[in-house]
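A short write-up of the structure that comes next.
The values are calculated or read from the model by the stated rules, or taken from the named source; none is laboratory data. Since we're looking at a predicted model, the values are computed, not measured. As a convention, Cβ positions derive from the backbone with ideal geometry for all residues, glycine included, and neighbour counts pool all protein chains shown. SASA here: full protein model, heavy atoms, side chains in, ligands and nucleic acids out. Shrake-Rupley method; radii C 1.70, N 1.55, O 1.52, S 1.80 Å.
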Amino acid sequence: MTAHDELRLLPWAGPDGKPCYLSTDDQGGYISRLADHIEAFQLGLASQLLEHSLQALDDETEDPEELNLLAAQLTSALRDVLRVATSRGRTPVTTGRP
């Protein structure tokens, strides 16, 4: 995932929402494996939310509160996916917004 001389961005935030990093050469260590499992879960959840959102957009009778909750969940999932992409060495595209 990361080169041996790089820090790995972990898929969770620390206190105050600050990013957490792992510094180790041991890809099979407990924290590395935990991060791998959490990333896999986050990506799977994002996929499920995408499927749900496509169904909700096709349903004209969808409740506005349900759509608002779905938008919040999609925002969270997108943040997680971007963190995974960054952790794996991909530079996320920015929107130009602060």
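Of all residues in region 63-92, those that are polar (S, T, N, Q) have Cβ atoms under 7 Å from Cβ atoms of residues that are exposed (fewer than 14 other Cβ atoms within 10 Å of the Cβ), 6 or more apart or on another chain, in Thr86/Pro92. Of the residues making up region 21-75, just one is hydroxyl-bearing (Ser, Thr, Tyr) and more than 22 Å from Pro11 (Cβ to Cβ), namely Thr61.
Counting the residues of region 60-86 that are open to solvent by 60 Å² or more (accessible area, probe 1.4 Å) and among the charged types (D, E, K, R) gives 5. Within region 12-39, the set of residues being β-branched (Val, Ile, Thr) and under 17 Å from Asp80 (Cα atoms) comprises just one member, Ile38. For region 17-36, the set of residues classified as in a helix (DSSP H, G or I), surrounded by fewer than 11 Cβ atoms within 10 Å (Cβ to Cβ) and either within 14 Å of the chain's Cα centre (by Cα) or at pLDDT below 90 (or both) consists of Gly17 only.
The set of residues from region 39-59 being at pLDDT 90 or above and open to solvent by less than 50 Å² (accessible area, probe 1.4 Å) comprises Glu39, Gln42, Gly44, Ala46, Leu49. Beta carbons closer than 9 Å, at least 6 apart along the sequence or on distinct chains, pair a first residue in region 9-24 that is over 13 Å from Arg79 (Cβ atoms) with a second that is charged (D, E, K, R) and open to solvent by 30 Å² or more (accessible area, probe 1.4 Å) for Leu10/Arg83; Ser23/Glu6.
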